[in-house]
Amino acid sequence: MSRIAIIGAGPIGLEAALLARQFGHDAQIFEKGHVAENILDWGHIRLFSPFGINTSEWGRGAIAKSLGHDALPGDDELLTGCEFAERYLIPLSRSPELTGRIHEQTQVQSISRRHFRKTDGIGSAVRGREPFLLLVEREGIQRVEFADVVLDCSGTYPHHQWVGDGGMPCLGERHSLTETNYRLPMIRREEFGNRTTLVIGSGFSAATSVVKLAELAKLDPQTKVLWIAKSQPPPYESDGPLLRIPNDPLVERDRLAAKVNELASLGHVSRAASPEAPQHPVVWFPNAVVKSLKSSPTYREFNGFEIELDDSQATEQGSALPARLTVDRMIANVGYRPDRSIYEELHVHECYSTQGPIKLAAKLLGETSSDCIAQTSHGSDVLKNPEPNFFILGSKSYGRNSNFLLKVGIEQVCDVLTSLGRDSLGRSV
Ligand SMILES: Cc1cc2nc3c(=O)[nH]c(=O)nc-3n(C[C@H](O)[C@H](O)[C@H](O)COP(=O)(O)OP(=O)(O)OC[C@H]3O[C@@H](n4cnc5c(N)ncnc54)[C@H](O)[C@@H]3O)c2cc1C
């Protein structure tokens, strides 16, 4: 039996802990918030992949055993984040195999290898025979935990990327935006209705925010969305920002892409002078770059933002791009990044682009399909790091690459735990 420390009680950490228990290991989960913390943060949003592919056989089996088959959602059901947590993840965390093993509000701050500093024992098997040390903190009190294997399932949300040119913070960004500006807010009427919101980002998160705001404009007609998003490369640049996957098996994903592209195309900034433009809730600024932003009092009673756009981009797009925007609200859905600080004392070879572990990143770069549903896990060897028995699983394993799906994470869990069962850890397995 190995002592397996799992960081994060998100879907992948929970699936890993349950399988580890079923394989007879002593698994402990350390969770800095509560079970499903990140999913609940965007719980109002509907997942576009169905329940059946978001969950494991062993997880569904555990719930069926303790609560009965009827407690499980149907395989084809598309749940919101909250429903997924309430109907699957939280019941999973309460399964008898995990009783007393999930340590909530316990943050892992650092991981090291006992008696081996970063520069010691490079590539040596001796390094791998010492246990891991985990510095954890709960309610201001620190302690050290020991483990033979560490599975880092701590995700990437909510470690956001930046709005500025080339990915650095733009002038004023650090002072003007708070963490909440980078999340996926519930589009509440009292907060966004009849107001102007700037949405920045070119992926499905930003698209979700744009579509929800456009729906609100049907109730509150003065609701406006200014959207800064990259256009697709030629010859698709006029289609809108989102790439649609031919015959996309995830119907909801395709519906969202089609809807948001239509909103963007109709609201393309070059059409701003057209007679329909004032009635259309969205203005799309393709490829605009934010030079600076600052929060400022607006003519209403709350603080808004003043945004300065890069002039050189305005020239490229003709004079259609304004140099300045004033908005009431800002949503910066510009992507997430892994927090690598917790494993910086370990030997991890990272990709210099995605910041995910290099072997997996190389495989992902080599993938030709644009459809992330076509992806599979690439086996346990690809998930191995130079640091023996340290694995990065789940969304964090993809680093800044946003193509991760739960389906892949579940396969990773299965691959790694199966390989641990066979491998010698230098201790009894
Ligand atoms: C809006 C949105 C919609 C998505 N929709 C889909 C979808 O439809 N289908 C799909 O397959 N995927 C979807 N994804 C992608 C992905 O599946 C989710 O992000 C999923 O939550 C990833 O699971 P995870 O377990 O890897 O990480 P997370 O769910 O992010 O869990 C990580 C956990 O680790 C904890 N943690 C972090 N740091 C520490 C620390 N230092 N110490 C202790 N605990 C820590 C966190 O609090 C959190 O509970 C979506 C993502 C987003 C953002």
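The values are calculated or read from the model by the stated rules, or taken from the named source; none is laboratory data. In this text the structure is predicted, and so the values were computed from the model without any measurement. Counting neighbours? That spans all protein chains shown, and the Cβs are built from the backbone with ideal geometry, glycine included.
Only one of these conditions is not met by Thr178: (1) surrounded by 15 or more Cβ atoms within 10 Å (Cβ to Cβ); (2) within 19 Å of Asp41 (Cβ to Cβ). Which number is it?
So the condition that Thr178 fails would be (1).
Only one of Ser95, Ser124, Ser110 is in the same structural domain as Phe390 (by TED's automatic domain parsing) and free of Cβ contacts under 8 Å to residues at least 12 places away in the same chain. Can you tell me which? Steps first, answer last, please.
Values: Ser95 fails: free of Cβ contacts under 8 Å to residues at least 12 places away in the same chain; Ser110 fails: free of Cβ contacts under 8 Å to residues at least 12 places away in the same chain.
The conditions single out Ser124.
Read through the list (1) within 13 Å of the ligand (Cβ to nearest atom); (2) modelled with pLDDT of 95 or more, then give the number of the only condition that Cys414 fails.
Only one criterion in (1) within 13 Å of the ligand (Cβ to nearest atom); (2) modelled with pLDDT of 95 or more is unmet by Cys414, namely (1).
Within the bounds of the stretch 182-194, is there any residue that is buried (at least 21 other Cβ atoms within 10 Å of the Cβ), more than 16 Å from the ligand (Cβ to nearest atom) and either on the phi < 0 side of the Ramachandran plot or not hydroxyl-bearing (Ser, Thr, Tyr) (or both)?
Yes, some residue in the stretch 182-194 is buried (at least 21 other Cβ atoms within 10 Å of the Cβ), more than 16 Å from the ligand (Cβ to nearest atom) and either on the phi < 0 side of the Ramachandran plot or not hydroxyl-bearing (Ser, Thr, Tyr) (or both).
Evaluate the stretch 205-214: report whether one residue or more is outside the structural domain of Glu387 (by TED's automatic domain parsing) and more than 16 Å from the ligand (Cβ to nearest atom).
Yes.
Considering Ile29, Ile39, which residue is crowded, with 19+ Cβ neighbours inside 10 Å, in contact with a Pro (Cβ under 8 Å, 6 or more places away or on another chain), of a type outside the set (Lys, Arg) and assigned by TED's automatic domain parsing to the domain that holds Phe404?
Among Ile29, Ile39, only Ile39 is crowded, with 19+ Cβ neighbours inside 10 Å, in contact with a Pro (Cβ under 8 Å, 6 or more places away or on another chain), of a type outside the set (Lys, Arg) and assigned by TED's automatic domain parsing to the domain that holds Phe404.
What's the number of the only condition in (1) within 18 Å of Gly33 (Cβ to Cβ); (2) in contact (Cβ under 8 Å) with a residue 40 or more places away in the chain that Arg138 fails to meet?
Arg138 satisfies every listed condition except (2).
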